[in-house]
Structures are given as C-alpha cells and as structure tokens.
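K.L.:
Okay, handing you the structure first.
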Amino acid sequence: MAEGLVKKSKEKFYRGINIDELKNYDTREFAKLVKSRARRTILRNYDVIEAFVKKCEFKDAKNRPIKTHDRTIVIVPRMLGKTIGVYNGKEFL
C-alpha cells in the first residue's frame, strides 16, 4: 500500500511558474500573470513599486529592517523572502 503513495513536491508555483523562476521576472512581466485589479495597480504604480524594491534590496544588503507606511503596495516576486514592517498607526508589524 505504501508503494502506491506519491510523494508531493515541495516546490511552490504561481500560475504554473516556479517561484525561483518568478524572482527573475521583471515587474511588468509579472503584471501579465496577475488578475486585472492587481495588474492595473502594478502598471499605474510601477515607479513606486520599483523604488520600493530598490530600497528593500539596499536595506537587505545592510541587514537593516525594511519599514514602510504604504499599505497598498503589491507584493512582487523580488520581494519574496523578505520581512517588511508595515506601519499600522502605532507600530511596525
């Protein structure tokens, strides 16, 4: 009976694409994969998202905490694996 069981893969996928491959995607390429509301937000706020990703990479290299007040930013694949503190009005969570 145990021979018939199939071991599940621990790889993560988003819309059929491996997460490791997604991290190499540009923000606009990723926008083609998401639903319409998120796509519209990404394309209209492209400059804001790119500036935030650049800030995340800079702070991550210096081992500083990443903090933001922007609660509406869309998570793009290059932000995966990072801990981001979002301000709730009293503290960064």
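K.L.:
Considering (1) surrounded by fewer than 10 Cβ atoms within 10 Å (Cβ to Cβ); (2) modelled with pLDDT of 90 or more, say which one K55 fails and leave the rest.
P.N.:
(1)
K.L.:
Next up: T72 is checked against (1) surrounded by 13 or more Cβ atoms within 10 Å (Cβ to Cβ); (2) not in a helix (DSSP H, G or I) and fails just one. What number does that condition carry?
P.N.:
Unmet for T72, out of (1) surrounded by 13 or more Cβ atoms within 10 Å (Cβ to Cβ); (2) not in a helix (DSSP H, G or I): (1).
K.L.:
Tell me yes or no: at least one residue of segment 4-13 is assigned to a helix (DSSP H, G or I) and either at pLDDT below 90 or surrounded by 10 or more Cβ atoms within 10 Å (Cβ to Cβ) (or both).
P.N.:
yes
K.L.:
Here's another thing I want to ask about it. Is it the case that some residue within segment 29-36 is open to solvent by 40 Å² or more (accessible area, probe 1.4 Å), more than 23 Å from K12 (Cα to Cα) and free of Cβ contacts under 8 Å to residues at least 60 places away in the same chain?
P.N.:
Among the residues of segment 29-36, not one is open to solvent by 40 Å² or more (accessible area, probe 1.4 Å), more than 23 Å from K12 (Cα to Cα) and free of Cβ contacts under 8 Å to residues at least 60 places away in the same chain, which makes the answer no.
K.L.:
Run down R39, R64 and say which single residue is surrounded by fewer than 15 Cβ atoms within 10 Å (Cβ to Cβ) and modelled with pLDDT of 90 or more.
P.N.:
That would be R64, the only listed residue that is surrounded by fewer than 15 Cβ atoms within 10 Å (Cβ to Cβ) and modelled with pLDDT of 90 or more.
K.L.:
What are the pairs, 6+ residues apart or on separate chains, where a residue within segment 65-87 that is free of Cβ contacts under 8 Å to residues at least 60 places away in the same chain and under 13 Å from K55 (Cβ atoms) has its Cβ under 6 Å from a residue that is open to solvent by 30 Å² or more (accessible area, probe 1.4 Å) and of a type in the set (S, T, Y)?
P.N.:
H69/Y87
K.L.:
Under the condition of being open to solvent by 60 Å² or more (accessible area, probe 1.4 Å) and of a type in the set (A, V, I, L, M, F, W, C), which residue from segment 75-89 is farthest from T41 (Cα to Cα)?
P.N.:
So, considering only residues that are open to solvent by 60 Å² or more (accessible area, probe 1.4 Å) and of a type in the set (A, V, I, L, M, F, W, C), the one farthest from T41 (Cα to Cα) is L80.
K.L.:
Could you check F30 against (1) modelled with pLDDT under 90; (2) closer than 24 Å to N88 by Cα; (3) in a helix (DSSP H, G or I) and say which number it fails?
P.N.:
Condition (2) is where F30 drops out.
The values are calculated or read from the model by the stated rules, or taken from the named source; none is laboratory data. All values reported here derive from a predicted model rather than from experimental measurement. A quick note on method: Cβ atoms are made from the backbone with ideal geometry, for glycine too, and the neighbour counts reach across all protein chains shown. Ligands, DNA and RNA are stripped out before the accessible areas are found, and what is left, the full protein with its side chains, is counted by its heavy atoms. Shrake-Rupley method; radii C 1.70, N 1.55, O 1.52, S 1.80 Å.
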